[in-house]
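Novice: My structure is below; once you've seen it, I'll send some questions.
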Amino acid sequence: YKGVPVLIAAAAPLAVDVVIAGAGPMREEWRALAERQSGPARFSFPGEVDDHELRALLVACDMFVLPSVTRAEAFGYAQLEAMACGKPVISTALATGVPWVNASGLVVPVADADALRGAIARLAADPALAARLGALGEARARAEFSMTAMGDRFVAVCHELALGRAKADETRL
């Protein structure tokens with residue numbers, strides 16, 4: 001469901017370095033697919049990375065791509081981590097929370113390698129746009145997804161539920 005084959009097809013013709021971290025069951029198949037691609041893109045598959053290595057990869061990258069292709073990608077937490085590092089995000093228009101989380105980045109149609117390629121090329125060619133989207137994403141991550149913001153919203157929902165229940169109890173009396 002991660003859409004890595006779409007990312008490989010999209011990136012292969014571009015002069016970009018693509019790092020696909022993780023040690024899932026598809027890793028070797030994706031590595032073989034990347035090796036069969038012709039084009040200037042360079043692919044690396046470092047395997048499982050710890051939190052420190054992940055942060056280093058996110059800080060070093062120019063952009064983050066979440067090419068997911070199924071509703072199994074409900075939220076896309078990894079894109080939020082990239083946003084918190086000030087990186088522009090490209091994700092897909094899944095009918096899930098993924099595009100909502102990435103409201104500050106680029107969103108392309110699901111499983112559309114050409115559209116994904118265009119978005120990657122656009123950010124690679126326009127560092128000012130990439131920086132602007134990265135800054136917007138970082139601000140969104142801090143404003144909407146910080147522990148404080150999420151805690152405040154949770155408390156507000158609890159209050160709304162409690163008030164609703166109290167009003168329902170008053171109606172029954």
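The values are calculated or read from the model by the stated rules, or taken from the named source; none is laboratory data. Computed from a predicted structure; not experimentally measured. Reconstructed Cβ throughout: ideal geometry from the backbone, glycine too, with neighbour counts over all protein chains shown. Remember, those area values only see protein heavy atoms, side chains included, never the ligands or the DNA or RNA. Shrake-Rupley method; radii C 1.70, N 1.55, O 1.52, S 1.80 Å.
Novice: Averaged per residue, what accessible surface does the chain expose to a 1.4 Å probe, in Å²?
Specialist: In whole numbers, the chain has 58 Å² accessible per residue.
Novice: If you don't mind, another one. Just to verify a number: FRET efficiency for Phe75 and Arg165, C-beta to C-beta distance, R0 = 30 Å, to 0.05?
Specialist: Computed FRET efficiency for Phe75 and Arg165: 0.60.
Novice: Out of the GluC sites (Glu not before Pro) in segment 1-98, which ones are loop residues according to DSSP with at most 14 other C-beta atoms within 10 Å?
Specialist: Loop-located and lightly packed - Glu48.
Novice: Counting only protein heavy atoms, what percent of the accessible surface of segment 2-132 is carbon or sulfur at a 1.4 Å probe?
Specialist: Within segment 2-132, the accessible surface is 57 percent carbon and sulfur.
Novice: Let me ask something additional. Classify segment 1-66 from the C-alpha gyration tensor, please: rounded if a/c falls under 1.5, else prolate or oblate depending on whether a/b exceeds b/c.
Specialist: oblate
Novice: Could you compute how much accessible surface Arg153 exposes when probed at 1.4 Å, giving the result in Å² to the nearest 10?
Specialist: 100
Novice: Taking chymotrypsin sites (Phe, Trp or Tyr not before Pro) as candidate sites, keep only those in a DSSP loop with at most 14 other Cβ atoms within 10 Å, then name the longest stretch of the chain containing none of them.
Specialist: 76-173
Novice: Report the paramagnetic label zone for Ala149: residues of segment 83-124 whose backbone N is under 20 Å from a point 7 Å from Cα along the Cα-to-Cβ axis.
Specialist: Residues 83-92, 96-107 qualify, since their backbone N sits under 20 Å from the label point.
Novice: Which listed residue (Val49, Ala60, Gln79) has the Cα farthest towards the positive end of the charge dipole for segment 1-81, taking +1 on Lys and Arg C-beta and -1 on Asp and Glu C-beta about the Cα centre?
Specialist: Most positive-ward Cα: Gln79.
Novice: Bin all alpha-carbon pair distances of segment 73-173 at 5 Å intervals from 0 and give each bin's fraction as a whole percent.
Specialist: Histogramming segment 73-173 at 5 Å steps yields 2, 13, 17, 18, 15, 9, 7, 6, 5, 4, 2, 1, 0, 0 percent.
Novice: Quote the charge dipole size of the chain about the Cα centre in Debye, to the nearest 20; the model charges only the Cβ of Lys and Arg (+1) and of Asp and Glu (-1).
Specialist: 320
Novice: When only Cα pairs under 8 Å and 6 or more residues apart are kept, what is the percent relative contact order across segment 81-128?
Specialist: 29
Novice: Here is a follow-up. How large is the charge dipole for segment 14-79, taken about the Cα centre, if only the Cβ atoms of Lys, Arg (+1) and Asp, Glu (-1) carry charge, to the nearest 20 debye?
Specialist: Dipole magnitude for segment 14-79 comes out near 220 debye.
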